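Enquirer: Quick one: this structure, given as structure tokens, is what I'll be asking you about.
The values are calculated or read from the model by the stated rules, or taken from the named source; none is laboratory data. Treat the numbers as computed from the prediction; the structure is a model and nothing was measured. Heads up, the Cβs are rebuilt from the backbone with ideal geometry, glycines too, and the neighbour counts pull from every protein chain shown.
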Amino acid sequence: MNVTVVVMNGALRLNDNKALAKASGFKEPVLPLVIFPESLWKKTWFEYPSMGPHRQSVLHRAMLSLEQQLNEVGGTLWASNQSVGASLKHLMVTVNVVRIIGTHGVGAYEQQMQQEIEQMANQSSILVEWVWDHTLLHPSQLPFSIDNAPRSFSKFRKQCEALPIEPPVAVPSIQYSRVQPPLSVEQVFQVPAADVASQGTGGEAAAMAHLTHYIWESKAILHYKNTRNLSIGPNVSTKCSVWLSTGVLSPRTIAHEVRLFERKVKRNESTYWVLFELLWRDFFQFQCQRYGMQWYAFGGLQGLADAPPTYNQYVFESWVNGKTNEPFVNGHMNELRQTGYMSNRGRQVVASYLIHDCNQDWRRGAEVFEHYLVDYDVASNIGNWMYIAGCGNSATKRIFNIQNQQKKYDPGNNYVQKWLNC
Ligand code: FAD
């Protein structure tokens, strides 16, 4: 049986999915494939494996949901926990793969996977196409090539924020392959979906319900700019990052809802600011694509030749385990380990503390975030760590006074009280 394989890594959704939309234009049935090779659980820079319990839980539930959605429209989801080579070999003895279409990823790990798929496909004369689908703006819309993208966010924003955002693509009418996958999602993840993630669990329906509640029902979007830096409180920020990182929700879907709300209900500085932050996300995605392996270097985009500071295990582990002398840092690290989430301000504060107060290598902190965050994303994570360290798009070191931050963003000590003794 001839099929078009759609690699759905990074885009675990049916709505506004450009790879699926493209595949719908061919006559062969579509076979959706997701590969989570075992190496993902082992991959590490220093000590922490990439996939921690919270992200595993989030991905697991998103995959279960996608499997169900596909089953409801007559399709199946091929999920694999083997290497790219083994996954494709298995597939190719079962069906005749005519072409492979997938969503382009900007990180080193994603690009390595893409290359492995291309190599296997070339050997069997299978066509491969990667579709850029995970940002508000498509690279072809930018007034510059990615390799010439401005290094400063303000320059990027000024040139890009007025560009039109493509409306979300409707779910295409697709004839799916009915070939049964060798493993169910449950078998791929091997353990039942752990109930560890505090938020963002589920698939497209859960994500849309969350977005609808945040924008339309609670109208919390109207005070986003004033509350987004708070560490605690209902709806202080959108909490969409988890769904963006798994690709359950596209950024264009969020932008579309925001713009609709602006037209139908109200437009203010806060509604604008949600789009502003999504543009920060785009900025880091394009930067990550542009800089390739430099993204992972200690000297970052500034190309600094300094040697990384000496690792101090006691200092570092005190930070990870919330045992420093700073209650505001400890509370945030406790929240991260227990829930997989931390507010943006919390992330800035704990990163500044580790880099500038403890004099530790920012990449070790980034690795801990990669392991624990439910919304881990290589571009946003490393881009922000480099920004605080002063080796990213700007050479200015972002140094926070921890106690002043606590006074400003947790004046009643409610946040610290909640997370201190966990
Ligand atoms: P909101 O405040 O509601 O923002 C809306 C959306 O805009 C977010 O979902 C996110 O997609 C985007 N956004 C907001 N702030 C930023 C930012 N500074 N950089 C890039 N995009 C942004 N975000 C991740 O998605 N994954 C990460 O791995 C990640 N690591 C970070 C590490 C550090 C050290 C820092 C300082 C920030 C990091 N961020 C990361 C950015 C930001 O903290 C989170 O996106 C945000 O806290 C998620 O909560 P929210 O969805 O409620 O954000």
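Enquirer: Can we say Val242 is more than 19 Å from the chain's Cα centre (by Cα), within 8 Å of the ligand (Cβ to nearest atom) and surrounded by 18 or more Cβ atoms within 10 Å (Cβ to Cβ)? Spell out the reasoning first.
Expert: Working: more than 19 Å from the chain's Cα centre (by Cα): no; within 8 Å of the ligand (Cβ to nearest atom): yes; surrounded by 18 or more Cβ atoms within 10 Å (Cβ to Cβ): yes.
No.
Enquirer: Follow-up. Can you report the number of residues in the range 53-105 which are among the basic types (Lys, Arg) and surrounded by fewer than 17 Cβ atoms within 10 Å (Cβ to Cβ)? Working first, answer last.
Expert: First pass over the range 53-105, keeping only residues among the basic types (Lys, Arg): 55, 61, 89, 99.
Next, only the ones that are surrounded by fewer than 17 Cβ atoms within 10 Å (Cβ to Cβ) stay: 89.
Qualifying residue count, the range 53-105: 1.
Enquirer: Give the residues of the range 20-39 that are part of a helix (DSSP H, G or I), surrounded by fewer than 24 Cβ atoms within 10 Å (Cβ to Cβ) and not charged (D, E, K, R), sorted by residue number.
Expert: Going through the range 20-39, the residues part of a helix (DSSP H, G or I) turn out to be 20-23, 39.
Still in the running and surrounded by fewer than 24 Cβ atoms within 10 Å (Cβ to Cβ): 21-22, 39.
Residues satisfying the conditions are Ala21, Ser39.
Enquirer: Quick one: would you say Phe276 is in contact with a Pro (Cβ under 8 Å, 6 or more places away or on another chain), surrounded by fewer than 20 Cβ atoms within 10 Å (Cβ to Cβ) and either modelled with pLDDT of 95 or more or among the aromatic types (Phe, Trp, Tyr) (or both)? Even if it seems obvious, please write down each step before you answer.
Expert: On the way: in contact with a Pro (Cβ under 8 Å, 6 or more places away or on another chain): no; surrounded by fewer than 20 Cβ atoms within 10 Å (Cβ to Cβ): yes; either modelled with pLDDT of 95 or more or among the aromatic types (Phe, Trp, Tyr) (or both): yes.
No: the conditions fail for Phe276.
Enquirer: Here's a follow-up. Looking only at residues in the range 343-381 that are among the polar types (S, T, N, Q) and more than 7 Å from the ligand (Cβ to nearest atom), which one is surrounded by the fewest Cβ atoms within 10 Å (Cβ to Cβ)?
Expert: Taking the range 343-381 first, the residues among the polar types (S, T, N, Q) are 343-344, 348, 352, 359-360, 380-381.
Retained after the next criterion (residues that are more than 7 Å from the ligand (Cβ to nearest atom)): 352, 359-360.
Values: Ser352: 22, Asn359: 11, Gln360: 20.
For the range 343-381, the residue satisfying everything is Asn359.
Enquirer: Follow-up question, since we're still on this one. Looking at the range 209-226, which of its residues are more than 9 Å from the ligand (Cβ to nearest atom) and either of a type in the set (Ser, Thr, Tyr) or in contact (Cβ under 8 Å) with a residue 60 or more places away in the chain (or both)?
Expert: Thr212, Ser218, listed by residue number.
Enquirer: Which members of the range 382-419 meet the condition of being within 14 Å of the ligand (Cβ to nearest atom) and hydrophobic (A, V, I, L, M, F, W, C)? Full working, then the answer.
Expert: As a first pass, look at the range 382-419 and keep what is within 14 Å of the ligand (Cβ to nearest atom): 382-394, 397-400, 405, 409.
Ile382, Trp385, Met386, Ile388, Ala389, Cys391, Ile399, Phe400 - these are the residues of the range 382-419 that are within 14 Å of the ligand (Cβ to nearest atom) and hydrophobic (A, V, I, L, M, F, W, C).
Enquirer: Go through the range 377-398 residue by residue and tally those that are more than 22 Å from Glu335 (Cα to Cα) and hydrophobic (A, V, I, L, M, F, W, C).
Expert: Count: 5.
Enquirer: Does Lys158 satisfy the criteria of being surrounded by 14 or more Cβ atoms within 10 Å (Cβ to Cβ) and charged (D, E, K, R)?
Expert: Details: surrounded by 14 or more Cβ atoms within 10 Å (Cβ to Cβ): no; charged (D, E, K, R): yes.
It is false that Lys158 is surrounded by 14 or more Cβ atoms within 10 Å (Cβ to Cβ) and charged (D, E, K, R).
Enquirer: Got a number for residues in the range 127-146 being acidic (Asp, Glu) and in contact with a helix residue (DSSP H, G or I) (Cβ under 6 Å, 6 or more places away or on another chain)?
Expert: Within the range 127-146, the first condition is being acidic (Asp, Glu), and the residues that meet it are 129, 133.
After this cut, where a residue has to be in contact with a helix residue (DSSP H, G or I) (Cβ under 6 Å, 6 or more places away or on another chain) as well, the list is 133.
The qualifying residues number 1.
Enquirer: Do you know which residues across the range 63-88 are of a type outside the set (Ser, Thr, Tyr), over 20 Å from Pro172 (Cα atoms) and touching a residue at least 24 places away in the same chain (Cβ under 8 Å)?
Expert: Initial filter on the range 63-88 (of a type outside the set (Ser, Thr, Tyr)): 63-64, 66-75, 77-79, 81-82, 84-86, 88.
Checking the rest, the ones that are also over 20 Å from Pro172 (Cα atoms) come to 64, 79, 81-82, 84-86, 88.
Result: Leu64, Ala79, Asn81, Gln82, Val84, Gly85, Leu88.
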